[in-house]
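Below is one structure, written out as structure tokens, with a few remarks after it.
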Amino acid sequence: MSRASLPRRLVLAAPFAALPARAQDFPSRAVTVVVGFPPGGQADLAARPVAGALERLLRQPVVVQNRPGGAGAIGSGFVARAPADGHTLLMALSSLAVIPEAEKLFGRPPPYAVDQFAPIALVNADPTMLAVPANAPWRSIADFVADAKARPGDIPYGSSGAYGTLHVAMEMFASSAGLRLLHVPFQGAGPAITALLSGDIKALASAPGTLTQHVQSGRLRVLGCWGRERAPAFPEVPTFMESGFPEVEFYIWAGLFAPAATPAPVVTRLRQAMRAAMQDADLLRAFEAAGSPPRYMDAPDFARFLAEDSARLVRAVQRIGRVE
């Protein structure tokens, strides 16, 4: 799915007064938006502007809480078990559907199921980018592939954890190109980028928003794009499809979820709040500054997008198989 095909339904919210009476009591206290990764990654960069906008709209504190670990599984599992009253939400990435499928490969019980969450809104969706240190010898995808084939297992790349978004993207590329790379997992994209900047790892798949400032400062170089089309933030960077890898396509999206049993009037209020939040001037400025423009979808469209994207990622995980 291309970025251009993602709908931009930024419409005015209906007045909250028109909602059913039960929703008028929500929120009755602070709302927590759980991020299953450390600060600095795509989910965190999406959650903080959203929390600020929701706080202004809902007139209650909206707090971002980082619960890193397990490529997002710890935070997602926490929200899946949280009281379904709308006061605990999840800002999740596309790895939401990958983690349960990966656990099946190892015969382990999944920490949650995707149907334990109610989609509220898609916030953004970016093609993943392949970044390397600016002093790395590779100037193109072809350079990277040739070097990796010449010394299999020698090039370390980082991820947000096994079977997280960054790991699956790189393994998808490695599998298609016939490469063997050295996987170095971290608790999130933030620590992985720090390791890339320090030279502890030599490659990283990440969202444009987490890379832009480091590319602009001259510390990182971007070699390739996992999108069907080139990323607007890096129009000079070719896609993997252009470079001869037609099956290498991966997007890092961020979306807001509530526990599945959340009452319908509360879900409706959250949906309407998100419609208004995605027009908030401060939020729009924050997203544009990060190089990750908003791509809003309301719950019904987001649910369809989620089903389509999840099915593709589950097939990718099954193709990749067990990776230690």
(Q) Neighbour counts of other C-beta atoms within 10 Å: give me Arg139, Arg48 arranged from fewest to most. (A) Arg139, Arg48
Q | Convex hull (Cα only) mean projected area of segment 84-177, reported in nm² to one decimal | A | 8.6
(Q) Can you list residues from other chains, or at least 5 along the same chain, whose modelled amide H is less than 5 Å from the amide H of Arg81? (A) none
Q) What shape does segment 129-225 have by the C-alpha gyration tensor, where a ≥ b ≥ c are the square roots of the eigenvalues, rounded means a/c under 1.5, and otherwise prolate means a/b greater than b/c and oblate the rest? A) oblate
Q) For the chain, what is the mean residue ellipticity at 222 nm derived from helices alone (per DSSP H run of n ≥ 4: -39500 (n - 2.57); sum divided by total residues; nearest 500 deg cm²/dmol)? A) -11500 deg cm²/dmol
Q: Determine the dipole magnitude for segment 129-196: charges of +1 sit on the beta-carbon of Lys and Arg, -1 on that of Asp and Glu, nothing else is charged, the reference point is the Cα centre, and the result goes in debye to the nearest 20.
A: 60
Q) With a sphere of radius 13 Å drawn around the Cβ of Glu55, what net charge do the other residues whose Cβ falls strictly inside it have (Lys, Arg +1; Asp, Glu -1)? A) +2
Q) Mind checking the dipole of the chain: about its Cα centre, +1 per Lys or Arg Cβ, -1 per Asp or Glu Cβ, Debye to the nearest 20? A) 280
**Q.** Förster radius 41 Å - calculated FRET efficiency between Ala303 and Asp147, Cβ distance, rounded to 0.05
**A.** 0.45
Q) Extension gain Arg139-Arg29, at 0.36 nm per residue separation less the Cα-Cα distance, in nm? A) 34.4 nm
Q: First check a/c for segment 219-324, with a ≥ b ≥ c the square roots of the eigenvalues of its C-alpha gyration tensor; if it is under 1.5, answer rounded, and if not, answer prolate when a/b is larger than b/c or oblate otherwise.
A: oblate
Q) Binned at 5 Å from 0, what are the whole-percent values of the Cα-Cα distance distribution for segment 47-88, short to long? A) 5, 21, 22, 24, 19, 7, 1
Q.
Can you list which of the DSSP-assigned H helices in the chain have a Cα extent of 15 Å or more along the long axis and an average Kyte-Doolittle score of at least -0.5?
A. 42-58, 165-177, 264-277, 299-320
**Q.** Order of Glu101, Glu236 under a 10 Å beta carbon neighbour criterion, fewest first
**A.** Glu236, Glu101
Q. Given that just one value was derived from the coordinates, which of (1) 135; (2) 113; (3) 218 is volume of the Cα convex hull per residue in Å³?
A. (2)
Q: Please turn the phi angles of segment 154-161 into ³J(HN,Hα) values with the Karplus equation 6.51 cos²θ - 1.76 cosθ + 1.60 (θ = phi - 60°), one per residue in order, whole Hz, x for glycine and proline.
A: 8, 8, x, 10, x, 8, 8, x
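Values in this text are rule-based calculations from the coordinates and carry no lab data. Owing to the predicted nature of the structure, the values given are computational and were not obtained by experimental measurement. With ideal geometry, Cβ positions are generated from the backbone for all residues, glycine too; neighbour counts draw on all protein chains shown.
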